[in-house]
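Q: Dumping the structure here so I can ask a few things about it.
The values are calculated or read from the model by the stated rules, or taken from the named source; none is laboratory data. Just so it is clear, the model here is predicted, and its values are computed rather than measured. Don't worry about glycine lacking a Cβ; one is built from the backbone with ideal geometry, like all the others, and counts go over all protein chains shown. Note: accessible area is taken over every heavy atom of the protein model, side chains too, but ligands, DNA and RNA are not part of it. Shrake-Rupley method; radii C 1.70, N 1.55, O 1.52, S 1.80 Å.
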Amino acid sequence: MLAELYADSKPINGRVVETLVEIIKDPSHTDDTNAFASLLADVNDQRFIAPLIEQIEDGQPGGSPWLADYMYALIELLYSEDNFYAVSDSFVHLLGGWLLNTGGGEISWKSGDILAEIQNPESKRYVMIGAADNSLFHQTRIACIRAVVNQYTEEALSLLEGLMSDSDCEVRKACQSALNYLKQQNTQA
């Protein structure tokens, strides 16, 4: 049924989006959430963001097999937004907890990527801590650095300078790139 709806729609029509939103709301009935997440990213309709957030809020790392796939779809949708997406404090605290307390794996990394694309002042403390936490995967830390540079510019310079001697070469490269970006922004202003 889903394939027929998707194939029949040249621009994605409201019926297809409504059907996909209903499927998002019940991940236990989706056999391949990885493929479904890729479909959501390909369709790229911003109406998927709110239901994905709702489901992610109900997810449990290690207990919800679809969680990482839904987080991936959300990240891809947020990347295509022109502005940071405003979210609730509770969602930020959930992601912040996963960022710092899930052992630095995939859920932590995806939490960092989402935190870098959302807007809520509560995210600041999590991304500042995550950027400096060398127990986290370097891509997680880089997502946190990106969040600080893009959303908390006033703190970015001191954070970046402090991380220039980090033990992880990928983090050092990201910091140098971010410093170059900030310098370029300052010369254009």
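Q: Tell me the angle of helix 33-43 to the major Cα principal axis of the chain, expressed in degrees between 0 and 90 and rounded to the nearest ten.
A: Taking the Cα atoms of the chain, the angle to 33-43 is about 80 degrees.
Q: Of the listed peptides 146-158, 113-125, 50-62, what is their order by residue-averaged count of other C-beta atoms within 10 Å, with the highest listed first?
A: Values: 146-158: 17.5, 113-125: 20.5, 50-62: 15.8.
Sorting 146-158, 113-125, 50-62 by mean packing, highest first, produces 113-125, 146-158, 50-62.
Q: Let me ask something else about it. Percent of accessible area on region 124-167 owned by carbon and sulfur, 1.4 Å probe?
A: Details: 1060 of 2020 Å².
Answer for region 124-167 is 53 percent, counting heavy atoms of protein chains only.
Q: Against the longest alpha carbon principal axis of the chain, how many degrees, from 0 to 90 and to the nearest 10, is the axis of helix 169-188 turned?
A: So the inclination is approximately 80 degrees.
Q: With θ set to phi - 60°, apply the Karplus curve 6.51 cos²θ - 1.76 cosθ + 1.60 along region 96-108 and write out the HN-Hα couplings as whole Hz, x wherever there is a Gly or Pro.
A: Whole-Hz 3J(HN,Hα) from phi for region 96-108: x, x, 5, 4, 9, 10, 10, x, x, x, 4, 5, 4.
Q: Got a sec to turn the phi values of region 137-149 into Karplus ³J(HN,Hα) couplings, 6.51 cos²θ - 1.76 cosθ + 1.60 with θ = phi - 60°, whole Hz, x for Gly and Pro?
A: 4, 4, 5, 5, 4, 5, 4, 5, 4, 4, 4, 5, 5
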